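Rule-based calculations on the coordinates, nothing more; no lab input. The shown structure was predicted, so the numbers you read here are calculated from the model rather than taken from an experiment. Here the Cβ positions follow ideal geometry from the backbone for every residue, glycine too, while neighbour counts run over all protein chains shown.
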Amino acid sequence: MSRYEKMNPDDFKHMTWGPGIIVDEFEPSTGAVVASGIRWATTGQNSFAATRELVDMGADINNCPEGTKQLQRAKPWQAQLTGTAITVTPTELVTFFGNADIATGDNTKVVPRNLIDEKDFTGKWLIVNYSEYNGETKGGYMAIHLKNTLSTNGFTANFEKEKNGQFPYTLKAYYDMADIDTVPFEIYVKAGEAEGAA
C-alpha cells in the first residue's frame, strides 16, 4: 500500500455510526435517552447543515485587494435538520406543519394556522453513535442540538404501493431576540467507554 493510502491507526475511535435518532430532550452529561421520547422512525439519512455567508467589507475599497482576512464579516448562521419520517401522529403533524394545533375536544384533528406563535418553536436533538464503544449505558455519541426550530417546508405526505408512508421534514433553527448573541445550535462529541469499565 502506498504511503498516502494509510489511515491513522486511531481513526476508528473517531467515527460516527448510523443515521441516529431525533429527540426533544437530551442531557449530554449522562447521554441517557428514553425510548418513548424518540420523536419518529426515519428512513434514509438524517442531515444537519450549518452554513453562513461571509461579507467582504473590502471588496469595494479601491486600494484594498479582495479577500483580506481582516475585513471578512460573517452573517448569522443558518442551521437546519432534514430527513424523512415514516411514523406519524397528530403531535408529529403539528411539528411537520410548523404552525398548527390539535383541535380542542378532538385530539384526532390537526388544524393548521396562518399565524406563527412563539410556542411553535421547539428544540430538537440529532444523536448518533460515536467512537468504538457504543454500549447501552456508556456508548459514545455526537449530539447536535438545534434551538428554536420550526418547519420551513410545509407538509408533504408521500404514499406508495407496498411502502411505508413518507413525511419529509425540514426544521430550521432560529435566533432568539432575548439572547441574540447565542448561535441557535451546538454540538457535543463524547467518546464512549467499555461497558465493564469502572
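Can you find a residue in segment 38-51 that is under 24 Å from K172 (Cα atoms) and of a type in the set (K, R)?
Yes, segment 38-51 has at least one match.
Of (1) β-branched (V, I, T); (2) surrounded by 16 or more Cβ atoms within 10 Å (Cβ to Cβ); (3) farther than 20 Å from G20 by Cα, T108 satisfies all except one. Which?
Failing condition for T108: (2).
Within segment 19-49, count every residue that is farther than 22 Å from F96 by Cβ and of a type outside the set (V, I, T).
Qualifying residue count for the region: 5.
So which residues in segment 32-89 are basic (K, R) and more than 28 Å from V110 (Cα to Cα), if there are any at all?
Passing the criteria: R52, K69, R73, K75.
Residues to consider are Y133, Y175; find the one that is over 12 Å from the mean Cα position of the chain (by Cα), in a loop (DSSP other than H, G, I, E, B) and within 25 Å of R52 (Cβ to Cβ).
Going through Y133, Y175 in turn, the sole match is Y175.
Give the residue, chosen from I127, I144, that is part of a strand (DSSP E or B), over 22 Å from P90 (Cα atoms), in contact (Cβ under 8 Å) with a residue 12 or more places away in the chain and touching a Leu at 6+ places or on another chain (Cβ under 7 Å).
Testing whether each residue is part of a strand (DSSP E or B), over 22 Å from P90 (Cα atoms), in contact (Cβ under 8 Å) with a residue 12 or more places away in the chain and touching a Leu at 6+ places or on another chain (Cβ under 7 Å) leaves just I144.
If I filter segment 146-198 down to residues being among the aromatic types (F, W, Y) and surrounded by 12 or more Cβ atoms within 10 Å (Cβ to Cβ), which single residue comes out as nearest to D101 (Cα to Cα)?
It comes out as F155.
Keeping to segment 60-96, report how many residues are among the small types (G, A, S), loosely packed, with under 15 Cβ neighbours inside 10 Å and over 23 Å from I180 (Cβ atoms).
Result for segment 60-96: 1.
If I go through segment 99-142 residue by residue, how many of them are touching an Asp or Glu at 6+ places or on another chain (Cβ under 6 Å) and under 26 Å from P28 (Cα atoms)?
Looking only at that region, the number is 3.
Among (1) surrounded by 11 or more Cβ atoms within 10 Å (Cβ to Cβ); (2) farther than 15 Å from T149 by Cβ; (3) within 23 Å of the chain's Cα centre (by Cα), there is one condition T51 misses while meeting the rest; what is its number?
All conditions are met except number (1).
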